[in-house]
Structures are given as structure tokens and as C-alpha cells.
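See structure below.
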Amino acid sequence: MIRHVALFRFREDLDKVYIDELMHLFTSLEGKIAGLKSVAAGENVTSEPLTQGFRHGIVMEFDTPAHLETYLSHPLHLPIAGKVIEALATNAEQDIVVFDIQMDPAMRSAGHST
């Protein structure tokens, strides 16, 4: 399994309702793309001062890296990605962080958290 994490820094002028709608677009993909097992999306609720302005994000779990690659170019994902890019504070290189983790089944079964 692979866990896909993306963090977003949106423009300050966007209202909460619009950002919530963007996040819902991601959660609406669950069950519609092969290999996409789960989706969580929303606002960062940490009290730590280490967010660097990344106040929203998604966490998705895919069966395989190939399923993640399929998602990235999937026709249901591309319009959402376009809306996210339009809503960013400056540009994708500065306002999106992506982190993909290959989940190790041995670590999970041994009781370790990842």
C-alpha cells in the first residue's frame, strides 16, 4: 500500500466554504478510482507553530504505486488539481508539498505506527 499526502497553502482571500468544497472534491473520489482505498481531506488542526502556512491537505491510500500513478492523470482528478492550482497562494512549486510513503506491511503487523 502507498500513502499519498499533499499539503496546500491557499490564497488568503478565499473563504472557508470554497476551500471546504475543494476538500470535498477529493473525498468524493473515494470508490471512483481503481486502487484508491481511502481519502481524508481537510484543515490542519495542529496547535504546533510548524505549519509554514500549509493549512489544508489530503491523505489518500492506494493499493499500489501504479494505482497512485493512474490517479495522478485520471480524468476525475485533473479538474480538481486545476481548481487547487488556481486557489494557491502563489504557485504549485511553493504552495504544494507532496509526500508519498510506501507502507511496510511487516511494520504495520508488528504494531508499529507509520
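Miscellaneous remarks
- Subset of segment 11-42 (residues that are under 15 Å from the mean Cα position of the chain (by Cα) and touching a residue at least 24 places away in the same chain (Cβ under 8 Å)): ILE19, LEU22, MET23, LEU25, PHE26, LEU29, ILE33, LEU36, LYS37
- Selection status of LEU76, more than 19 Å from PHE99 (Cα to Cα), of a type outside the set (Gly, Ala, Ser), at pLDDT 95 or above and over 11 Å from the mean Cα position of the chain (by Cα): yes
- Test for GLU61: is it in contact with a Ser or Thr (Cβ under 7 Å, 6 or more places away or on another chain), modelled with pLDDT of 95 or more and outside any loop (DSSP other than H, G, I, E, B): yes
- Matching residues in segment 37-58 - criterion: being part of a strand (DSSP E or B) and more than 23 Å from GLU21 (Cβ to Cβ): LYS37
- Residue check, LEU14 in contact with a helix residue (DSSP H, G or I) (Cβ under 9 Å, 6 or more places away or on another chain), in a loop (DSSP other than H, G, I, E, B) and crowded, with 18+ Cβ neighbours inside 10 Å: no
- Of the residues contained in segment 90-99, one or more are found to be out of contact with any strand residue (DSSP E or B) (no Cβ under 8 Å at 6 or more places or on another chain) and of a type in the set (D, E, K, R).
- Just one of the listed residues (ALA34, ALA6, ALA66) is closer than 25 Å to MET103 by Cα and in a loop (DSSP other than H, G, I, E, B), and it is ALA34.
- Cβ-Cβ under 8 Å pairs, at least 6 apart or on other chains, segment 47-59 side exposed (fewer than 10 other Cβ atoms within 10 Å of the Cβ), far side assigned to a loop (DSSP other than H, G, I, E, B): GLN52/ARG9
The values are calculated or read from the model by the stated rules, or taken from the named source; none is laboratory data. What you see is a predicted model, and the numbers here were worked out from it, not measured in a lab. With ideal geometry, Cβ positions are generated from the backbone for all residues, glycine too; neighbour counts draw on all protein chains shown.
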